[in-house]
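Chemist: After the structure tokens below, expect a handful of questions from me.
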Amino acid sequence: MAYSNMRSSPSSEHDEVNLGPSANPHARPTDFDFLTVIGKGTFGKVLLAKHKDDSKFYAVKVLQKKVILKKKEQKNIMAERNVLLKSLKHPFLVRLHYSFQTPEKLYFVLDYVNGGELFFHLQRERCFSESRARFYAAEVASAIGYLHSLNIVYRDLKPENILLDSQGHVVLTDFGLCKEGVEPEGTTSTFCGTPEYLAPEVLRKEPYDRTVDWWCLGAVLYEMIYSLPPYYSRDVAEMYDGILHKPLPLPPGKSDAVCALLTGLLQKDQHRRLGAIADFLEIKNHTFFSPINWDDLYNKRITPPYNPNVRGPADTQHIDPEFTREMVSSSVSRTPDLTAGTSANNAFNGFSFVATEDSFL
């Protein structure tokens, strides 16, 4: 989760999308120098951009309207916009500054978070110490708890969607699969997510509730501790069988506290899962998190266990080289072998070129 001829084609009934209070009618693509690709998805790309007036760096998410319309994803894109607007009030959620559009594209101007994806760091280090994993899991849980308080279910928690900022704090990004309006006792039923992190009830295509996010937190914590997601297999059918039917494997050498938390979060019965009764409060009060002062955590008074040593607001050393090399594929799949570390590509750190956003799309 790093533009040449901008003359518009003839207008159509789909040209304008209601961007609501995030809209900046005066903004346009030529306000920015676009530097490199830092992320990709189904509907477009995320570009590192420097604003020409204030010289600040932003991550600009550029979405192709024709693709959104073809796939009938307008509601999901606007749901993402709504969540971005609400995330302004939480320290561990990426911030939307404003949005704007041309006849062909939507633009979301976001914080540029350049400490790297958690996935990038996991690939390089294989696994984290329990104390480091606890810090990240606590900040993620705080963000998820906040979304739940707004009746939003995140539904796509995975290391690729967890970024580190320049100090090493968590920033949760990519709200494309969020579901709004899910009351504490409410459910939803859309089959979505990422295979390694799908909860059993989602796989069974049953109605599911907000505890789906606590399953995903358990899967991410498990991966941080053991280097692979629980039940992981290259054979997807075998992996799904494990998620649905097999007991949770807990290799020795880890504390009783983390094993108890993983067992609670990765409970196959969503009604017995940790968080099913009191949501975030249950996670917050678990013994594994007893070293955490949650008020200090929220106010970023706890020093992160790892400093990305970012060299400045334009540093891309922690961005996946697959993005900065500008590969042709529209998305990056999970690397099966997490023992194969990824070396940072510094080719773009000097930014010896600028371009319009069409150069990257």
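Taken together, the values in this text are just the output of simple stated rules run on the coordinates, not laboratory data. This is a predicted model, so every value here is computed, not measured. Positions of Cβ are generated from backbone atoms using ideal geometry, with glycine treated the same way; all protein chains shown enter the neighbour counts.
Chemist: Which of the trypsin sites (Lys or Arg not before Pro) found in segment 72-109 are in a DSSP loop and have at most 15 neighbouring Cβ atoms, other than their own, within 10 Å?
Modeler: Those satisfying the criteria are Lys72.
Chemist: Test of understanding: what is the full-extension gain from Val67 to Lys205, defined as 0.36 nm times their sequence separation minus their Cα-Cα distance?
Modeler: 47.0 nm
Chemist: Here's something else I'd like to know. Of all GluC sites (Glu not before Pro) in segment 143-238, which ones are in loop regions per DSSP and have a Cβ with at most 14 other Cβ atoms within 10 Å?
Modeler: Glu185
Chemist: Report ³J(HN,Hα) in whole Hz for each residue of segment 146-157, in order, from the Karplus equation J = 6.51 cos²θ - 1.76 cosθ + 1.60 where θ = phi - 60°; Gly and Pro get x.
Modeler: Those phi angles translate into 5, 4, 4, 5, 9, 6, 10, 9, 6, 6, 9, 6 Hz.
Chemist: Which value, in debye to the nearest 20, describes the size of the charge dipole of segment 118-298 about its Cα centre when Lys and Arg Cβ atoms bear +1, Asp and Glu Cβ atoms bear -1, and nothing else is charged?
Modeler: Using Cβ point charges on Lys, Arg, Asp and Glu, segment 118-298 gives about 400 debye.
Chemist: Lys and Arg at +1, Asp and Glu at -1: add these up for the other residues within a Cβ distance under 14 Å of Asp296 and post the number.
Modeler: Residues close to Asp296 contribute a combined charge of +2.
Chemist: Give a quick list of chymotrypsin sites (Phe, Trp or Tyr not before Pro) in segment 182-214 that DSSP marks as loop, anything other than H, G, I, E or B, with at most 10 other Cβ atoms within 10 Å.
Modeler: Here the chymotrypsin sites (Phe, Trp or Tyr not before Pro) that fit, given the DSSP loop and packing criteria, are Phe191.
Chemist: I would also like to ask the following. Straight-line reach from Lys71: which lysines have a Cα under 30 Å away, not including same-chain ones fewer than 8 places off?
Modeler: Cα-Cα hits under 30 Å: Lys40, Lys45, Lys61, Lys86, Lys105, Lys158, Lys179, Lys205.
Chemist: Convert each backbone phi in segment 29-40 into a coupling constant with the Karplus relation 6.51 cos²θ - 1.76 cosθ + 1.60 (shift: θ = phi - 60°), then list the ³J(HN,Hα) values in order as whole Hz, x for Gly and Pro.
Modeler: Here the 3J(HN,Hα) series is x, 6, 6, 10, 9, 8, 9, 6, 7, 10, x, 9 Hz.
Chemist: At q = 0.10, 0.12, 0.17 Å⁻¹, what base-10 log of I(q)/I(0) does the Debye formula yield for segment 118-298 when every alpha carbon is treated as an equal point scatterer in vacuo?
Modeler: Debye output, listed in q order: -0.34, -0.51, -1.10.
Chemist: Hey, another quick one. For segment 131-139, take each phi angle, set θ = phi - 60°, evaluate the Karplus expression 6.51 cos²θ - 1.76 cosθ + 1.60, and give the result in whole Hz per residue in order, putting x for glycine and proline.
Modeler: Taking θ as phi minus 60°, the curve returns 5, 5, 4, 4, 4, 5, 5, 5, 5 Hz for segment 131-139.
Chemist: If the chain between Ser189 and Ser129 were fully stretched, how many nm would it gain, using 0.36 nm times the residue separation less the Cα-Cα distance?
Modeler: 18.0 nm
Chemist: Positive end of the charge dipole of segment 118-298 (Lys, Arg +1 and Asp, Glu -1 on Cβ, about the Cα centre): tell me which of Phe120, Ser233, Ser189 has its Cα farthest that way.
Modeler: Ser233
Chemist: With the cut-off at 1.5 for a/c, could you classify segment 103-162 from its C-alpha gyration tensor as rounded, prolate or oblate?
Modeler: oblate
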